[in-house]
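Notes follow once the structure below has been shown.
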Amino acid sequence: MITHTSLLSRTIPVCLALTPIGLLFGILAGQQNLDHYEVLLLSIFGFSGSGQFALLSFYQNNFIDIGYLTAFLLILSMNVRYIPMTLISTPKDIKLSSKIVYGHILSDESFATERYTDTYHDHLKIRLYIFFTWVISTLAGQILSSYIPDYILSYLNVSFPISAILFTLSFINIKNKTTKNNIKVIFVLFLVTILSFFIFGERFFWIPAILTNYIIFRKFK
């Protein structure tokens, strides 16, 4: 098990990069007249940045354009990537209730921060830190929403920090896990992703890409 200081040194930059995204969601939710209790519950039980932003967009239009069922299926498809991510990272020797919580608080950011040398408890701490960062920042954004003019939002580029740090963390993880034996597998996974992009398009490529990558990864792990 790594030291707590080392764990924090990895997690805090991710939390700082995630905070403006959470603040933005809270601000937008507040401007759609969602109160702080609704934002709090949505962030705790929804806990999906992309899913929550999509839901907010549908809510803004009263689900008129697509309907409730289509909205549900779209949000579900956006989060299907967490299934293989959870299967790969969840220990088999923990009880069901722990697996549910452990899987629920998984995020792209925590998955990119975790290392295969970490223990279950290390991963749990990372996920909890990021989970509470998201919940608190979205709630803070809702509280601030009444004080921020609408036009200010168009000048905010809050997506860049988290995109940059996710790319960096993913690169570090790949570099740490790369050996002569698995570099060919990583190259194949990359080609599968590119091929999926051209076959299924930019909107839907990640669904078959994730499933195919998961199957290949498990076979050659």
Would you mind ranking H4, H123 so that the residue whose beta carbon has the fewest other beta carbons within 10 Å leads the list?
H4, H123
Going residue by residue through the stretch 8-14, the Karplus relation 6.51 cos²θ - 1.76 cosθ + 1.60 with θ = phi - 60° gives ³J(HN,Hα) values, rounded to whole Hz and with x marking Gly or Pro, of 5, 5, 7, 8, 4, x, 5
Which loop-located trypsin sites (Lys or Arg not before Pro) does the stretch 76-112 contain, where loop means any DSSP state but H, G, I, E or B and the Cβ has at most 14 other Cβ atoms within 10 Å?
K92, K95
Test of understanding: what is the full-extension gain from L191 to L41, defined as 0.36 nm times their sequence separation minus their Cα-Cα distance?
50.0 nm
Starting with the fewest neighbours, write out I207, I75 ranked by other beta-carbon atoms found within 10 Å of each beta-carbon.
I207, I75
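Taking the Cα centre of the stretch 1-151 as origin and charging only Cβ (+1 Lys, Arg; -1 Asp, Glu), how large is the dipole, in debye to the nearest 20?
Its charge dipole is roughly 480 debye.
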Here the averaged projected area of the stretch 4-159, based on the convex hull of its alpha-carbon atoms and given in nm², is 10.2
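Any read-out appearing in this document is the output of simple, stated calculations on the displayed coordinates, not a laboratory observation. What you see is a predicted model; the values in this text were computed from it and never measured. When we count neighbours, we look across all protein chains shown, and the Cβ atoms used for this are built from the backbone with ideal geometry, even at glycine.
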